[in-house]
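The values are calculated or read from the model by the stated rules, or taken from the named source; none is laboratory data. Here the structure is a predicted model, which means the values were calculated and not measured. As a convention, Cβ positions derive from the backbone with ideal geometry for all residues, glycine included, and neighbour counts pool all protein chains shown. Areas reflect the complete protein model, heavy atoms only, side chains present, ligands, DNA and RNA absent. Shrake-Rupley method; radii C 1.70, N 1.55, O 1.52, S 1.80 Å.
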Amino acid sequence: MNAHSEALREMVKRWTQIVADVGRGYALTFDDYLNDLDLRRQIDQRLWELELGETNVDEGIREVLADVDETFREVTVAMEENVWGDENARDEGWSAEREWFYYRMPIERPKGW
């Protein structure tokens, strides 16, 4: 396994921990949540970079990511607006289909969000 694949594996491991935290009832701040979602976007970027560089991505990583993403969908609710705001979404070119995770909020979250 090369260093790029290992970095991706570590990112997916961290995303798995975040999703578990969300499932237990997210206790951190809204800004922390935004940062956690940015990790998920970075995972997509890393996958794209590896594929562009014709690096084989371990299918096991993809399977784990798909399972964790499904769990994330189960412990969050869909939102019509991007959590970063629709203006930011337009500026960044994010879509609800591709960056779907930016359109979800934890079911259980701190008051005052």
Return the residues of segment 95-113 that are in a loop (DSSP other than H, G, I, E, B) and not small (Gly, Ala, Ser); say none if nothing qualifies.
Glu97, Arg98, Glu99, Ile107, Glu108, Arg109, Pro110, Lys111, Trp113
When residues of segment 70-104 are limited to those that are of a type in the set (Val, Ile, Thr) and in contact with a helix residue (DSSP H, G or I) (Cβ under 9 Å, 6 or more places away or on another chain), the one surrounded by the fewest Cβ atoms within 10 Å (Cβ to Cβ):
Thr71
Do we find a residue being touching a strand residue (DSSP E or B) at 6+ places or on another chain (Cβ under 7 Å) and either under 18 Å from Leu34 (Cβ atoms) or of a type outside the set (Phe, Trp, Tyr) (or both) anywhere in segment 81-102?
yes
Output for Cβ contacts, cut-off 7 Å, separation at least six or different chains, first residue open to solvent by less than 20 Å² (accessible area, probe 1.4 Å) in segment 26-46, second among the acidic types (Asp, Glu), reads Tyr26/Glu108
Among the numbered criteria (1) over 14 Å from Leu8 (Cα atoms); (2) acidic (Asp, Glu); (3) part of a helix (DSSP H, G or I), which one does Glu51 miss?
(1)
